[in-house]
Amino acid sequence: MRYLNGDSVFHRLDARTKIFLSLTLACLIVILNTAGSLFVLFILLLCGFFLIRPPASYIRIMFYLMATALFATLISQGLFYYFEPRTPIFTIIRSDTPIIGRLTGGIYLYREGLFYGAIQSMRLFSAALLSMVIVMTTYPSDLILGLNKLGVPEKVGFMLTISIRFLPLLMEGAKRIITAQKLRGLQLKGLRGGIKGFRYLIVPLTIDCLRKARRIALAAEVRGFTGKRTEIKELRFTSLDRAAFAVMSLALVLAIWQRLVR
Amino acid sequence: MISIRNLTYAYPEAHTPALQDISLEIHDGECVLIVGPTGSGKTTLLYTLNGLIPHVLGGRTDGEITINGLSPGKLPVREISRFAGTVFQDPESQIFMLKVADEVAFGCENLMMPADEIMRRSDRALAEMGMLHLRDAETFTLSGGQKQRLVISSVYAMGPDIFLFDEPTTDIDATGRKEFLEIVKGLKDDGKTVIIVEHQYEEFSQLADRVVVLERGKINGRVAHNTEDDAAPRRRQRPPELAVHLRLEGVRFEYKKGDPVLEDIDIEIRKNELVAVVGDNGSGKSTLLKIMAGLLRPASGEVRILGKTNPKMDDLVGQVGFLFQNPDEQLFTNSVEEEILFGPKQTGRTIDIERYLRLCGLESMRDRHPQTLSRGQRQLLAVVSVLALEPQILILDEPTTGLDRKSWSDLMDLLSALTEQGVTVVFATHNIMAGRYADRYIHLDRKHSGKGQKK
């Protein structure tokens, strides 16, 4: 999952607005606690997701993720809901079954559990959709520039850029090291094999990282990097951003008010 | 003008100086090639010019350096970068940004130029390097040669009069090297001063106005000759046998559906042959080698490795050895001896450790940490550590990259010796001279079809 070129509303928002948007939405996900309001939030985010016109493969990924998450939360909450009152709607193991029944006290599917699970998965979905929307519509360097404008120092921003740039290379290196270990006969199966493999992975990986870091540092140095720099890219705060700010602030205030009053 | 007078330099905590009594004058617009084996101090000399020495790397400096009357020892590195730009060996670790346009502006932004001037300079630099059409591309999608041109563009945009190149052709293929020569020619025609540090220098001999030879930190008065004869491969004593170790028939491979990297590959390699795989970056050399080792399985076609049809990697452990390009990713342990014993220990075999130590010439360094060895020694150790499993086939991806002449000819001698002992060896290389050691070439072109060309 990565940045997609496009011209949706989200693409046009300023990176700072999107940072604010993520924060307020994250708060909303936690604050809202009625099934109805969470459902509305979820539907809105879903609309946002489709507004970007994601490719079919992304929609598939999202669908599988949601189906798995929904199934897992519904089942686990339905089975292990411990708050009273709880109403069994389906019996899996009766409490008078020999041995297992005694041990478990019976296993039932509870209606309240299913309901609670549905609310939780609504939160999960919203959080997943939110991050997907941000990743798909914000170029990493814009996000870093946004952070920068919000007061995060340039050096920290540069560090973030470097890590986005070099993390994939690091992963490839790790993969090659693991293959090389296997080829030299190391058995990586089981916990013991895993620990052993990790031990032999961490030495070359760390050293390779240090060598690379040194090269990167020298290269940045000779290109005059000191932390202070002009930025050719500019972020533009438009009326669209102001509107987004207003709507999000209002939503947040309403949500808090609803929680406090009830 | 660059003037160096009686320069002696030692790295922090080093007992012997890396540079001794160097005196050198380089005039404006000159193209100077600095050559010498690994450890001769040629890169160190470059660092004294761009200010990394002493500002970043420290150490003790004696003597005097001036560039256009200014002393790099007294200016911050950033100020030096205004008139002397540096391009290092590995383009990958010199690209910081995700977009080409951002990368080419990087240096100018650091010099705090006004935004409109940065845009102007960026476009001009990209145009000059033939990269303008890639302005909005993402940096990680570029080829090796394009990455290098991007790095040069970014330095060019900063507007230096002096260009310093540290082993610029090590990591790129033959086409990339040709393009690089064109770039240097262009810079020369523009009146820029160009200083190139290399250990492969035949290709530059026509471009360079002067060749400076460094040996153990000193300038060697003798001008280097083309020493191709020194590296002449030995004649093999034992011809390849009839048994076929590797056979590929109609092999096709694709990472992305409908975009094959390899197509219609028919190759037969016999026992104890020494085969070189050559071709530009992106022609599928690494992919072919991985298929030969069972690391990748073809989309269609048949691969027979040591009599097994389309085997999995796990079935070949110990029988087929594979070496990735970077030896450092394949040295896991804390001593040379432990490294060689690693494979045999896993597979429960006992070996004659002395024999393997002799093979890589590290008898006196058996307790050293592998990562403290020189690059050439690390490469040899990585090869020998794979050999300790006594494989029947050894496959190496670009084993000569980054090695100086002595190191790679040592390695090629070792590989030739192995084939005499009955091991089949296949290696990919950009190094034309190393390729001469092979019994024959497999040439891959970008049209994805492989031809087993007899030498």
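The values are calculated or read from the model by the stated rules, or taken from the named source; none is laboratory data. Because the structure is a prediction, the values reported are computed rather than measured. Cβ coordinates were reconstructed from backbone atoms using ideal geometry, including for glycine residues, and neighbour counts include every protein chain displayed. The accessibility values were calculated without ligands, DNA or RNA, using every heavy atom of the protein model including side chains. Shrake-Rupley method; radii C 1.70, N 1.55, O 1.52, S 1.80 Å.
What strands (runs of 3 or more DSSP E) lie completely within the stretch B:274-368 and have 1 or more residues being within 23 Å of the chain's Cα centre (by Cα)? Break it down into steps so the answer makes sense when it comes.
On the way: elements: B:274-278, B:300-305, B:320-323.
In the stretch B:274-368, B:274-278, B:320-323 are the strands (runs of 3 or more DSSP E) which contain 1 or more residues that are within 23 Å of the chain's Cα centre (by Cα).
Which residue pairs have Cβ atoms closer than 7 Å, lie 6 or more positions apart in sequence or on different chains, and pair a first residue in the stretch A:193-208 that is free of Cβ contacts under 8 Å to residues at least 12 places away in the same chain with a second residue that is open to solvent by 40 Å² or more (accessible area, probe 1.4 Å)?
Filtered contacts from the stretch A:193-208: A:Gly193/A:Gln187; A:Gly194/A:Leu188.
So, in the stretch B:290-303, exactly how many residues are closer than 18 Å to B:Val277 by Cβ, open to solvent by 10 Å² or more (accessible area, probe 1.4 Å) and more than 14 Å from chain A (Cβ to nearest Cβ)? Please lay out each step first, then the result.
From the stretch B:290-303, those closer than 18 Å to B:Val277 by Cβ are B:290-296, B:298, B:301, B:303; that's our starting set.
Now drop any that are not open to solvent by 10 Å² or more (accessible area, probe 1.4 Å), which leaves B:290, B:295-296, B:298, B:301.
Now narrow it down to the ones that are more than 14 Å from chain A (Cβ to nearest Cβ): B:298, B:301.
Total satisfying the criteria: 2.
Can you pull out every residue in the stretch B:270-289 that is open to solvent by less than 10 Å² (accessible area, probe 1.4 Å) and hydrophobic (A, V, I, L, M, F, W, C)?
B:Leu274, B:Val275, B:Ala276, B:Val277, B:Leu288, B:Leu289
Confirm whether A:Ala56 is among the hydrophobic types (A, V, I, L, M, F, W, C), touching a residue at least 40 places away in the same chain (Cβ under 8 Å) and either closer than 29 Å to A:Leu21 by Cβ or in contact with a strand residue (DSSP E or B) (Cβ under 7 Å, 6 or more places away or on another chain) (or both). Walk me through how you get there before you give the answer.
Working: among the hydrophobic types (A, V, I, L, M, F, W, C): yes; touching a residue at least 40 places away in the same chain (Cβ under 8 Å): no; either closer than 29 Å to A:Leu21 by Cβ or in contact with a strand residue (DSSP E or B) (Cβ under 7 Å, 6 or more places away or on another chain) (or both): yes.
It is false that A:Ala56 is among the hydrophobic types (A, V, I, L, M, F, W, C), touching a residue at least 40 places away in the same chain (Cβ under 8 Å) and either closer than 29 Å to A:Leu21 by Cβ or in contact with a strand residue (DSSP E or B) (Cβ under 7 Å, 6 or more places away or on another chain) (or both).
Do we find that A:Gly224 is free of Cβ contacts under 8 Å to residues at least 60 places away in the same chain, assigned to a loop (DSSP other than H, G, I, E, B) and open to solvent by less than 50 Å² (accessible area, probe 1.4 Å) in this structure? Even if it seems obvious, please write down each step before you answer.
Numbers: free of Cβ contacts under 8 Å to residues at least 60 places away in the same chain: yes; assigned to a loop (DSSP other than H, G, I, E, B): yes; open to solvent by less than 50 Å² (accessible area, probe 1.4 Å): yes.
The answer is yes for A:Gly224.
How about the stretch B:29-64: which of its residues are in contact (Cβ under 8 Å) with a residue 60 or more places away in the chain, closer than 17 Å to B:Arg5 by Cα and open to solvent by 20 Å² or more (accessible area, probe 1.4 Å)?
Scanning the stretch B:29-64 gives a single hit, B:Glu64.
Name the one entry in A:Ala220, A:Ala213 that is more than 7 Å from chain B (Cβ to nearest Cβ) and over 27 Å from B:Met313 (Cα atoms). Can you show your working first?
Working: A:Ala220 fails: more than 7 Å from chain B (Cβ to nearest Cβ).
Just one listed residue meets the conditions, A:Ala213.
Considering the stretch B:244-286 alone, what residues qualify as being within 14 Å of chain A (Cβ to nearest Cβ) and within 17 Å of B:Ala428 (Cα to Cα)?
Residues of the stretch B:244-286 that are within 14 Å of chain A (Cβ to nearest Cβ), as a first pass: B:255-257, B:286.
Selection gives B:Ser286 alone.
For B:Val261, state whether it is aliphatic (A, V, I, L, M) and modelled with pLDDT of 90 or more.
Details: aliphatic (A, V, I, L, M): yes; modelled with pLDDT of 90 or more: no.
Spelling it out, it is not the case that B:Val261 is aliphatic (A, V, I, L, M) and modelled with pLDDT of 90 or more.
Could you look through the stretch B:89-123, keep only residues that are in contact with a Gly (Cβ under 9 Å, 6 or more places away or on another chain) and more than 9 Å from every other protein chain (Cβ to nearest Cβ), and pick out the one that is surrounded by the fewest Cβ atoms within 10 Å (Cβ to Cβ)?
Across the stretch B:89-123, the extreme among qualifying residues is B:Arg121.
Would you mind stating whether A:Phe50 is open to solvent by 80 Å² or more (accessible area, probe 1.4 Å), closer than 30 Å to A:Ile164 by Cβ, touching a helix residue (DSSP H, G or I) at 6+ places or on another chain (Cβ under 9 Å) and part of a helix (DSSP H, G or I)? Give the steps one after another, and end with the answer.
Numbers: open to solvent by 80 Å² or more (accessible area, probe 1.4 Å): yes; closer than 30 Å to A:Ile164 by Cβ: yes; touching a helix residue (DSSP H, G or I) at 6+ places or on another chain (Cβ under 9 Å): yes; part of a helix (DSSP H, G or I): yes.
When the stated conditions are applied, A:Phe50 passes them.
Counting only residues that are in a helix (DSSP H, G or I) and exposed (fewer than 13 other Cβ atoms within 10 Å of the Cβ), which one in the stretch A:60-83 is farthest from the chain's Cα centre (by Cα)?
A:Phe80
Which condition breaks for B:Pro160 when tested against (1) touching a strand residue (DSSP E or B) at 6+ places or on another chain (Cβ under 7 Å); (2) modelled with pLDDT under 95; (3) in a loop (DSSP other than H, G, I, E, B)?
(2)
Which of the residues that make up the stretch B:319-331 are out of contact with any Asp or Glu (no Cβ under 7 Å at 6 or more places or on another chain) and buried (at least 19 other Cβ atoms within 10 Å of the Cβ)? It would help to see each step written out before you state the result.
The first filter runs over the stretch B:319-331 and keeps only residues out of contact with any Asp or Glu (no Cβ under 7 Å at 6 or more places or on another chain), leaving B:319-322, B:326-327, B:330.
Matches in the stretch B:319-331: B:Val320, B:Gly321, B:Phe322, B:Asn326, B:Pro327, B:Gln330.
Touching a residue at least 12 places away in the same chain (Cβ under 8 Å), away from chain A (no Cβ under 14 Å) and touching a Lys or Arg at 6+ places or on another chain (Cβ under 9 Å): is that true of B:Leu414 in this structure? I'd like the intermediate steps shown before the answer.
Numbers: touching a residue at least 12 places away in the same chain (Cβ under 8 Å): yes; away from chain A (no Cβ under 14 Å): yes; touching a Lys or Arg at 6+ places or on another chain (Cβ under 9 Å): no.
Against the criterion (touching a residue at least 12 places away in the same chain (Cβ under 8 Å), away from chain A (no Cβ under 14 Å) and touching a Lys or Arg at 6+ places or on another chain (Cβ under 9 Å)), B:Leu414 does not qualify.
Tell me, yes or no, whether the stretch B:131-151 has at least one residue that is within 12 Å of chain A (Cβ to nearest Cβ), among the hydroxyl-bearing types (Ser, Thr, Tyr), in a loop (DSSP other than H, G, I, E, B) and buried (at least 21 other Cβ atoms within 10 Å of the Cβ).
No, there is no match, as no residue in the stretch B:131-151 is within 12 Å of chain A (Cβ to nearest Cβ), among the hydroxyl-bearing types (Ser, Thr, Tyr), in a loop (DSSP other than H, G, I, E, B) and buried (at least 21 other Cβ atoms within 10 Å of the Cβ).
Would you mind stating whether A:Pro55 is at pLDDT below 85 and more than 21 Å from A:Leu124 (Cα to Cα)?
Details: at pLDDT below 85: no; more than 21 Å from A:Leu124 (Cα to Cα): yes.
Here the answer is no, as A:Pro55 does not meet what is asked.
Restricting attention to the stretch A:158-168, report how many residues are touching a residue at least 40 places away in the same chain (Cβ under 8 Å) and more than 7 Å from chain B (Cβ to nearest Cβ). Spell out how you get there, then give the answer.
Our first condition is that a residue be touching a residue at least 40 places away in the same chain (Cβ under 8 Å); within the stretch A:158-168, this holds for A:158, A:162, A:166.
With the extra rule that they be more than 7 Å from chain B (Cβ to nearest Cβ), the set shrinks to A:158, A:166.
Going through the stretch A:158-168 one residue at a time, the tally reaches 2.
Suppose we filter A:Met132, A:Met159 for residues that are aliphatic (A, V, I, L, M), within 28 Å of B:Leu142 (Cα to Cα) and surrounded by fewer than 18 Cβ atoms within 10 Å (Cβ to Cβ); which single one remains? Write out each step before concluding.
Details: A:Met132 fails: surrounded by fewer than 18 Cβ atoms within 10 Å (Cβ to Cβ).
So the residue among A:Met132, A:Met159 that is aliphatic (A, V, I, L, M), within 28 Å of B:Leu142 (Cα to Cα) and surrounded by fewer than 18 Cβ atoms within 10 Å (Cβ to Cβ) is A:Met159.
For the stretch A:111-127, which positions are among the small types (Gly, Ala, Ser) and open to solvent by less than 40 Å² (accessible area, probe 1.4 Å)?
Of the residues in the stretch A:111-127, the ones among the small types (Gly, Ala, Ser) are A:113, A:117-118, A:121, A:126-127.
Selection gives A:Gly113, A:Gly117, A:Ala118, A:Ser121, A:Ser126.
Tell me, please, whether a residue that is within 28 Å of B:Thr139 (Cα to Cα) and not aliphatic (A, V, I, L, M) can be found in the stretch A:183-196.
Within the stretch A:183-196, the first condition is being within 28 Å of B:Thr139 (Cα to Cα), and the residues that meet it are none.
Checking the stretch A:183-196: not a single residue is within 28 Å of B:Thr139 (Cα to Cα) and not aliphatic (A, V, I, L, M).
Scan the stretch B:426-438 and tell me whether some residue there is part of a helix (DSSP H, G or I), crowded, with 21+ Cβ neighbours inside 10 Å and either without any contact (Cβ under 8 Å) to a residue 40 or more places away in the chain or not assigned by TED's automatic domain parsing to the domain that holds B:Gly282 (or both).
No, every residue in the stretch B:426-438 fails to be part of a helix (DSSP H, G or I), crowded, with 21+ Cβ neighbours inside 10 Å and either without any contact (Cβ under 8 Å) to a residue 40 or more places away in the chain or not assigned by TED's automatic domain parsing to the domain that holds B:Gly282 (or both).
Looking at the stretch B:315-335, I want the residues that are facing another protein chain (nearest Cβ under 7 Å) and at positive phi and have a partner that is open to solvent by less than 20 Å² (accessible area, probe 1.4 Å) and modelled with pLDDT under 90 with Cβ atoms under 7 Å, at least 6 apart or on another chain. Which pairs are those?
B:Gly318/A:Gly185
Quick check: anything in the stretch A:141-154 charged (D, E, K, R), in a helix (DSSP H, G or I) and within 8 Å of chain B (Cβ to nearest Cβ)? Please lay out each step first, then the result.
Within the stretch A:141-154, the first condition is being charged (D, E, K, R), and the residues that meet it are A:142, A:149, A:154.
Now restrict to residues that are in a helix (DSSP H, G or I): A:142, A:149, A:154.
Right, trim to within 8 Å of chain B (Cβ to nearest Cβ) and you get none.
Within the stretch A:141-154, none of the residues are charged (D, E, K, R), in a helix (DSSP H, G or I) and within 8 Å of chain B (Cβ to nearest Cβ).
Please go through the stretch A:229-256 and pick out each residue that is surrounded by 12 or more Cβ atoms within 10 Å (Cβ to Cβ) and within 14 Å of chain B (Cβ to nearest Cβ).
A:Arg229, A:Thr230, A:Glu231, A:Ile232, A:Lys233, A:Leu235
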